[in-house]
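> Right, I'll just put the structure down here and ask away after.
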């Protein structure tokens, strides 16, 4: 276990007039020494699980500020989210699968293939209120794959896994490289970042899982994303950029690493913006709460 105190290092100027950042708050380094961090997901207590994908492990940041290795090997897990039963759903990129990991670390494979072929490489996911799941499936060839690095499916798409977890349906067909994904808590809208085209779209979610009313939300792509209780959308990449619900940029958070893979809210008060940024993890106290 790595014992890392919250507030290990102060790394940015204060944001006194920000609509989302707590007055006087600064980006703080919570831990380091990783290869590439991704996929933060908070549990009911505010602890945040995240992946160190090249090292094939899932880590856990505890609300007391400590960091520990939670699962290794982890299927090269990437994006993650907790379901209502407390299972950690992960995009297990090692075998191009979707996994459910129980609190006791029992692994169940939810998606193994589609139409007799592997997926390209499940990357990120969002679980809607009824348990149905949206999964992005871009192609990023991995050095650890034993399969061909070529495209496995007809393109790089978003898929919907039905609430009974029996049917996987393709729900987009015109995206270049779908990556970050998040939906609104009531299940009405879905945001999907097309990182290859450097844009983010908003869709209206249909009951059967299909998507309608595609709308350009902002001209910025994202590796991972989250929402706060005011409906603001947080995109990751070169730092963290925040847009209000109308698509106007309202904040940018600089992070002292080349790339931010993902963001989530955690901590006891659910007002700590947890940032996975390549070799380090960072936190920033917010004046708004996350919705997940």
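Read-outs throughout are calculated quantities, based only on the coordinates presented, and are distinct from any laboratory measurement. Because the structure is a prediction, the values reported are computed rather than measured. Because the Cβ atoms are built from the backbone with ideal geometry, glycine has one as well, and the counts that use them run over all protein chains shown.
> Taking a ≥ b ≥ c as the square roots of the eigenvalues of the Cα gyration tensor of the range 86-193, is the shape rounded (a/c under 1.5), prolate (a/b larger than b/c) or oblate?
Values: a/c = 1.74, a/b = 1.16, b/c = 1.51.
Note, shape of the range 86-193 comes out oblate.
> Let me ask something else about it. Please report 140, 49, 292 as a ranked list, fewest other C-beta atoms within 10 angstrom at the top and most at the bottom.
Values: 140 14, 49 24, 292 18.
So the residues, fewest neighbours to most, are 140, 292, 49.
> Could you give the distance between the Cα centres of the range 100-127 and the range 62-90, to the whole Å?
Using only Cα atoms, the two centres lie 14 Å from each other.
> Okay, next question. Evaluate E = 1/(1 + (r/R0)^6) for residue 154 and residue 45, where r is the Cβ-Cβ distance and R0 equals 35 Å; express this FRET efficiency to the nearest 0.05. Before the final figure, lay out each step's value.
Details: r = 42 Å, r/R0 = 1.19.
Approximately 0.25, to the nearest 0.05.
> To the nearest Å, what is the center-to-center distance of the range 163-203 and the range 224-273, using C-alpha atoms only?
18
> What is the mean projected area of the alpha carbon convex hull for the range 132-275, to one decimal in square nanometres?
10.2
> Can you tell me how much longer the chain between residue 214 and residue 166 gets when fully stretched, taken as 0.36 nm per residue apart minus their C-alpha distance, in nm with one decimal? Please report the intermediate quantities before stating the final value.
On the way: separation 48, 0.36 × 48 = 17.28 nm, distance 2.61 nm.
Net length gain for the segment: 14.7 nm.
> Taking every eigenvalue of the Cα gyration tensor of the chain, multiplying by 5 and rooting it, what semi-axes result, largest first, whole Å? If you can, show how the numbers build up before the last one.
Values: eigenvalues 152, 98, 59 Å².
Equivalent ellipsoid of the chain: 28, 22, 17 Å, largest first.
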